[in-house]
Amino acid sequence: MKTRGFEIVSKYKDKGINLPRRQTIASAGYDIEAAEDIVIPSIWRLNFVRIFRLIRNGHQLYERDYEMSDDILKPILVPTGIKVYMPEDEVLILANRSSNTFKKNLALPNGIGVIDADYYNNEKNEGELFVQVLNYGVRPLKIRKGDRIAQGIFIKYLKTDDDLPIARERVSGFGSTNGKES
């Protein structure tokens, strides 16, 4: 019986996707690769500077400015082509690789990603893992298929003494623990 591991999602079968692997004996994280080539634009080239200048110089921001900044500062989702299965009392933490910030100016805007056990095989996207990234460097960043972009760490979690039973099941995909995409 399988306990935890990674699988390739259907749309990436026969596309040369590598399952995550640890790189050394003491590695906690499984290196996760990009499933396809993607360019991550620099936030500095997306009118971010205009908004930053308005704020810095004390100018009033209008609704149009807020809407523009909301569109500009959205993370890019990098597809991985993989999904993960694990026991109900475990979670997969997606963490940035130290080389991403140091060498590539690439950040995970959410700090870490939390992949729940019930995300596996959800109806919305089959449970495919996506890595949210922002490029804070000045150049666009080309990520190639097979580049290691994050690491996944399995962790057992605990519940409180007064935790209530939950009968509701996941009804959607990415960012949907309350039943709504967000």
Lysine pairs within the range 8-162, Cα separation less than 16 Å, 8 or more sequence positions apart or different chains: 11
Among Ile112, Ile155, Ile82: highest mean-square fluctuation, GNM of the chain, C-alpha pairs under 10 Å: Ile155
Karplus-derived HN-Hα couplings along the range 3-19 (A = 6.51, B = -1.76, C = 1.60, θ = phi - 60°), whole Hz, x at Gly and Pro: 9, 8, x, 10, 9, 8, 6, 3, 5, 10, 4, 6, 10, x, 7, 9, 6
Residue among Gly113, Gly146, Gly127 with the largest mean-square fluctuation in a Gaussian network model of the chain, springs linking Cα atoms under 10 Å: Gly146
Dipole of the chain, positive end: most advanced residue of Pro165, Ile149, Ala117 [Cβ charges, Cα centre]: Ile149
Descending principal axes extents, the range 22-160, alpha-carbon based, whole Å: 51, 35, 28
Amide H contacts under 5 Å for Ile149, placed H, 5+ residues apart: Ile32, Glu33, Ala34
The range 1-45-the range 106-123 distance, computed between alpha-carbon centres (Å): 13 Å
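Report the gain in length on full extension from Arg53 to Tyr120: 0.36 nm times residue separation, minus Cα-Cα distance, nm rounded to one decimal. Could the numbers behind the result be given before it?
Details: separation 67, 0.36 × 67 = 24.12 nm, distance 4.30 nm.
Contour length minus the Cα-Cα distance gives 19.8 nm.
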Per-residue HN-Hα couplings for the range 153-162 [Karplus 6.51, -1.76, 1.60; θ = phi - 60°; Hz; x = Gly/Pro]: 10, 7, 9, 7, 10, 10, 10, 6, 4, 9
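Values in this text are rule-based calculations from the coordinates and carry no lab data. The shown structure was predicted, so the numbers you read here are calculated from the model rather than taken from an experiment. Here Cβ is always computed from backbone atoms with ideal geometry, including for glycine, and neighbour counts include all displayed protein chains.
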